[in-house]
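Report on the structure given below.
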Amino acid sequence: MLYINCPHCGLRSQNEFAYGGDATVKRPELNKEISDQEWDNFVYLRKSPRGKHLELWHHISGCRQWIKVERDTSTHEIFKTYKANEAIE
Ligand SMILES: [Zn+2]
C-alpha cells in the first residue's frame, strides 16, 4: 500500500487517489498546426519508464485536487509531491 502526501491534505492512503498518467506530457500549443502523427503521439504515445518518474494523481476521495507525484516506478518510493501548478525544481 502506498501512502501519498497530498500537498493540500497531508498523508493519505493510495485508496483515496486515482492515477492520472505521465505528468511530463505537454499538450501541443493552441492554434498551432500539427501533423496527425504529432497529435497521435500526444494522445496515445506514452513512455513506460523504470525508475524516477513524475506522475499525475487525482485525490478523488479527498480534496479532489490534481497533484504531481515524483515516484520510483520500480520500488514505488515516493520522493516528493507537488501541487498541480507548482514549478518542479
Ligand atoms: Zn488532497
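Since every read-out is calculated from the coordinates, none of them should be taken as a lab result. Just so it is clear, the model here is predicted, and its values are computed rather than measured. In this analysis, Cβ positions are derived from the backbone assuming ideal geometry, glycine residues included, and neighbour counts consider all displayed protein chains.
Karplus-derived 3J(HN,Hα) values for segment 14-28, using 6.51 cos²θ - 1.76 cosθ + 1.60 with θ = phi - 60°, are 4, 4, 7, 10, 10, 5, x, x, 5, 8, 9, 6, 9, 5, x Hz; glycine and proline are entered as x.
In this simple spin-label model, placing a label point 7 Å from the Cα along the Cα-to-Cβ direction at both His76 and Glu16 gives a separation of 1.8 nm.
Length available on full extension from Thr24 to Ser48: 0.36 nm per residue minus the Cα-Cα distance, which gives 7.4 nm. Mean residue ellipticity at 222 nm, helices only, the chain: -3000 deg cm²/dmol; runs of at least 4 DSSP H residues each add -39,500 (n - 2.57), and the sum is divided by the number of residues.
3J(HN,Hα) along segment 51-66: x, 5, 8, 9, 10, 9, 10, 10, 7, 6, 9, x, 7, 6, 8, 7 Hz, from the Karplus curve 6.51 cos²θ - 1.76 cosθ + 1.60 with θ = phi - 60°, whole Hz, x for Gly and Pro. Modelled label positions at Cys9 and Lys83, each set 7 Å beyond Cα in the direction of Cβ, lie 1.7 nm from each other.
For the chain, the list of trypsin sites (Lys or Arg not before Pro) that fall in a loop by DSSP and count at most 16 other C-beta atoms within 10 angstrom reads Lys26, Lys32, Arg46, Lys47, Arg50, Arg64. Taking every C-alpha pair closer than 8 Å and separated by at least 6 residues, the mean separation divided by the residue count of the chain gives a relative contact order of 29 percent. Based on the alpha-carbon gyration tensor of the chain and its eigenvalue square roots a ≥ b ≥ c, which shape applies: rounded if a/c is under 1.5, prolate if not and a/b is larger than b/c, or oblate? It is prolate, given that a/c is not under 1.5 and a/b is the larger ratio. Each of Gly10, Trp57, Gly21 was placed along the dipole of the chain (beta-carbon charges, centred on the mean Cα), and the one lying farthest toward the positive end is Gly10. Distance between the pseudo-spin-label points of Trp66 and Asn41 (7 Å out from Cα toward the beta carbon): 2.2 nm.
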